[in-house]
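Trainee: Starting off with a structure, shown below.
Each value in this text was obtained by applying a stated rule to the coordinates, not by laboratory testing. Quick caveat: nothing in here was measured; it's all calculated off a predicted structure. So basically every Cβ, Gly included, is an ideal-geometry build from the backbone, and we count neighbours across all protein chains shown.
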Amino acid sequence: MRPIQRHTPTARAPRAAGFLLALSGLATGCGFGGIGQADKKPTMQIQQGAERADAILQETLAAVSPELKWNHGPGGSAGCTKGVAGAATGTGASDRIIGILTIVSEQRRGALLGVIEREWTSRGYKITTVNDSPTVPAIHAGTPDGYSLTVKVAGKGQFFLTAATPCLTDSDVQAPTAQPNTPQRGGVFPPRPDVQDEFWSATTPVPSGS
């Protein structure tokens, strides 16, 4: 693990999507924006924040070539709290998740992580933590407006992208509107990647100059 920056966000009470919170490591709802956001009166509603999170994830996917096959994961929302007693603040946060269905070989994982890291830094997002594990690598980042981003490889080689909003004015949260480029899989989430790609699934190192 190569820590770059750590902070302790305000705690938030779980409302949904336990898997998502466990996957992204975000058990709190104040995002990258720093401590005490729940004490401020946000002007944006959670739904608007979720749409911004969706846009970040779509921008990230668009930066990858060849394109990845993907589908939405079980995003959720949670109420932000403060203090030892966990007092409600009237604010909340939302997480979005995208599961990659393209089979990314162990030899090509580093290349994909590098593309995503460069995309995030080019947009002014700050890389906060990099996990260099050879089996479950991950990159965590934060945006200037308080969104927490993660790209993570799970134990079976699945890639996941997540984006979590900062604490925003509580509101209902609708499902993402972006259309996936692969059918939804049945069964328990997460499904294993099952789409072969000539480049990403290749079991050889990335050619020089690619």
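Trainee: Quick one: go through region 70-102 and flag any residue whose amide nitrogen is under 11 Å from the point 7 Å out along the Cα-to-Cβ line of LYS126.
Mentor: Backbone N within reach: none found.
Trainee: At a 10 angstrom cut-off on C-beta neighbours, averaged per residue, how do the peptides 117-130, 98-111 rank from highest to lowest?
Mentor: Highest mean packing first, the order is 98-111, 117-130.
Trainee: Sticking with this one: So if R0 is 30 Å, what FRET efficiency would PHE199 and THR43 give, r being the distance between their Cβ atoms, rounded to the nearest 0.05? Let's see the in-between values first.
Mentor: On the way: r = 43 Å, r/R0 = 1.44.
The computed FRET efficiency comes out at 0.10.
Trainee: Once you keep just the Cα pairs under 8 angstrom separated by 6 or more residues, what percentage relative contact order results for region 101-195? Don't skip to the end; give the middle numbers.
Mentor: Working: 121 pairs, mean separation 25.0, N = 95.
Relative contact order comes out at 26 percent.
Trainee: Further, regarding this structure: With 21 Å as the cut-off, how large is the P(r) tail for region 75-158, expressed as percent of Cα-Cα pairs?
Mentor: Distances greater than 21 Å cover 43 percent of the Cα pairs.
Trainee: Rank-order 180-188, 73-81, 57-65 by packing density, defined as the average count of other C-beta atoms within 10 Å over each peptide's residues, highest first.
Mentor: The peptides rank, most packed first, as 73-81, 57-65, 180-188.
Trainee: Something else now. By average Cβ neighbour count within 10 Å, what is the ranking of 145-154, 85-94 from highest down?
Mentor: Ranking the peptides 145-154, 85-94 by packing returns 145-154, 85-94.
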